[in-house]
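The values are calculated or read from the model by the stated rules, or taken from the named source; none is laboratory data. Everything numeric here is computed off the predicted structure, so don't read it as measured data. With ideal geometry, Cβ positions are generated from the backbone for all residues, glycine too; neighbour counts draw on all protein chains shown.
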Ligand code: SF4
């Protein structure tokens with residue numbers, strides 16, 4: 001939804017029985033209220049016309065695409081979660097809790113077959129003008145799938161994309177593998193040959209003690225950090241190495257210290273807002289206060305600004321598509337940071353005043 005007075009696209013959240021907020025959707029209109037008092041109104045996100053186009057077999061793009069209008073499109077390259085299957089799901093995560101530990105993993109060919117209509121749909125969106133972050137999502141893959149398997153899958157997916165979309169157009173997008181780090185970081189050089197230009201190794205928590213406690217199935221934190229640094233080297237500082245961090249769980253001092261340490265090494269951190277997911281070990285935990293988040297995101301914007309000119313393209317000038325784009329209206333729970341970042345750029349005269357623009361939705 002897009003709240004009145006703000007062009008940031010914010011996602012609906014899973015229902016939280018402990019929340020005092022209520023969102024009511026009537027047609028295109030959204031009202032968020034607390035104890036019967038309306039706090040803010042807004043509209044449903046604009047719907048891109050390419051959603052109504054058809055795949056070769058007649059299936060509407062909208063039925064298969066895993067894509068937000070202005071930012072991200074996902075192609076699943078491995079289903080399941082190794083950490084959750086081992087009974088060690090990250091404690092904030094409701095996705096892992098949904099994976100049955102005894103469900104057999106889909107084979108290479110089954111995974112690719114399931115991805116093919118999604119690739120075709122994403123290609124239609126791209127050829128219709130969609131640009132953004134193309135995420136080949138593998139998540140927490142089991143050890144046997146972390147090296148050659150992932151590399152082979154990335155090659156197969158990118159080969160299919162190249163059959164649909166001109167290489168020049170594909171190169172405009174930020175295309176990342178979002179996977180468990182390979183044992184051999186030399187795999188990253190192979191990914192680059194297929195047109196991958198970024199890697200997302202989500203280390204999620206900054207403080208080492210909190211990392212161990214919150215993400216017991218993710219192995220050593222240092223392994224994730226080394227992979228992030230390798231990605232910055234192979235694909236470029238900033239856009240070439242991105243990582244989600246869930247904020248609002250660990251104390252602010254350690255969080256900011258960690259974000260600055262990572263940013264100084266060329267890793268572009270995307271701070272997500274903690275939310276209470278059904279099925280997660282932390283389901284029902286109250287998020288940090290609004291004041292906490294405003295302070296945290298102002299300080300993360302300070303950090304991004306401090307290191308902006310150390311990235312492969314200065315973050316205050318970066319107009320490439322994807323997460324580091326300087327004027328991007330952003331869906332997902334990184335919107336508060338983007339909002340603050342845009343405000344800073346407007347103050348610096350690097351962006352015109354007024355509301356940011358919803359990229360991609362006007363594409364036909
Ligand atoms: S966040 Fe953790 S539990 Fe959730 S899918 Fe990823 S690795 Fe698994």
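Within segment 127-149, the set of residues being in a helix (DSSP H, G or I) and either at pLDDT 95 or above or out of contact with any strand residue (DSSP E or B) (no Cβ under 8 Å at 6 or more places or on another chain) (or both) comprises 127, 143, 144, 148, 149.
Restricting attention to segment 102-111, does a residue exist that is within 16 Å of the ligand (Cβ to nearest atom) and within 29 Å of residue 250 (Cα to Cα)? No, segment 102-111 has no match at all.
Evaluated against (1) away from the ligand (no atom under 16 Å from the Cβ); (2) within 19 Å of residue 138 (Cβ to Cβ), residue 242 falls short on exactly one condition, (1). Restricting attention to segment 41-90, the residues that are assigned to a loop (DSSP other than H, G, I, E, B) and either more than 15 Å from the ligand (Cβ to nearest atom) or surrounded by fewer than 19 Cβ atoms within 10 Å (Cβ to Cβ) (or both) total 21.
Scanning segment 159-172 for residues being over 19 Å from the mean Cα position of the chain (by Cα) and part of a helix (DSSP H, G or I) gives a total of 9. Take segment 338-354 and flag every residue that is touching a helix residue (DSSP H, G or I) at 6+ places or on another chain (Cβ under 7 Å), surrounded by 19 or more Cβ atoms within 10 Å (Cβ to Cβ) and modelled with pLDDT under 85. Across segment 338-354, there are no qualifying residues. Cβ-Cβ contacts under 7 Å between residues 6 or more apart (or on different chains), taken from a first residue in segment 122-141 that is on the phi > 0 side of the Ramachandran plot to a second residue that is at pLDDT 90 or above and away from the ligand (no atom under 16 Å from the Cβ), are listed as 132/173. For residue 167, state whether it is surrounded by fewer than 18 Cβ atoms within 10 Å (Cβ to Cβ) and closer than 26 Å to residue 285 by Cβ. So residue 167 fails the test. Among the candidates 259, 205, 269, 175, the residue that is under 19 Å from the mean Cα position of the chain (by Cα), assigned by TED's automatic domain parsing to the domain that holds residue 143, farther than 28 Å from residue 125 by Cα and away from the ligand (no atom under 12 Å from the Cβ) is uniquely 259.
Listed here are the residues, each with its yes/no results for (1) closer than 22 Å to residue 181 by Cα; (2) at pLDDT below 90.
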{"position": "72", "(1), (2)": "yes, yes"}
{"position": "82", "(1), (2)": "yes, yes"}
{"position": "101", "(1), (2)": "yes, yes"}
{"position": "112", "(1), (2)": "yes, no"}
{"position": "117", "(1), (2)": "no, no"}
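With respect to being in contact with a helix residue (DSSP H, G or I) (Cβ under 6 Å, 6 or more places away or on another chain) and within 16 Å of the ligand (Cβ to nearest atom), residue 221 fits the description.
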